[in-house]
Amino acid sequence: MSLIQLLDLGVIGDERGALVSLESNKNIPFDIKRVYYIYGNKGDVARGFHAHKALKQVAVCVSGSCRFVLDDGEEKVEVILDKPDKGLKIEEGIWREMYDFSDDCVLMVLASDFYSESDYIRNYSEFLRTKSSQQ
Ligand code: TYD
């Protein structure tokens with residue numbers, strides 16, 4: 001499976017503008033239990049720097065742009081999110097870092113579970129160890 005999984009969310013557009021609808025197990029491939037969004041990022045900040053043990057997420061840049069680095073322990077890829085009708089699917093066990101937030105960036109994330117700090121792996125060496133122990 002490619003590390004970059006960009007979902008086409010579908011636009012219901014008419015002469016008034018665009019509408020995107022997000023539905024569990026339809027265009028979002030899991031039950032959505034949580035939605036959060038990140039905005040007002042200051043200057044050159046980078047975010048993320050963690051993986052999740054079980055959580056699945058879809059990230060949508062609903063305004064502006066930002067750059068994701070995804071890492072499965074073997075391969076690192078970059079993807080720029082700058083379209084409100086594209087969702088980046090991030091599976092469990094993927095290290096992510098986010099950079100280059102535009103001033104107007106609003107990054108919305110749909111998640112398959114409630115917030116739980118115990119699902120995070122925030123140490124990169126520990127992340128790599130979990131990967132090598134899975135092989
Ligand atoms: P974190 O996931 O580390 O943010 P990012 O990946 O964007 O750098 O979360 C930042 C803080 O917010 C951390 O203290 C956990 C808290 N938080 C919640 O309380 N609920 C949530 O749904 C999320 C995503 C984070």
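Quick notes on this one:
- Nearest 10 degrees, 0 to 90: helix 124-134 Cα axis against the chain principal axis: 80 degrees
- The percentage of C-alpha pairs in the chain whose separation is greater than 17 Å is 60%.
- Helix-only mean residue ellipticity at 222 nm for the chain, each DSSP H run of n ≥ 4 adding -39500 (n - 2.57), per residue, nearest 500: -2500 deg cm²/dmol
- Comparing Cα centroids, the range 6-84 and the range 85-135 end up 11 angstrom apart.
- Residues E97, E23, sorted so that the one with the fewest Cβ neighbours within 10 Å comes first: E23, E97
The numbers here are math on the coordinates, done by the rules we state, and not lab data. Owing to the predicted nature of the structure, the values given are computational and were not obtained by experimental measurement. For neighbour counting, all protein chains shown are included, and Cβ atoms are generated from backbone atoms with ideal geometry for every residue, glycine included.
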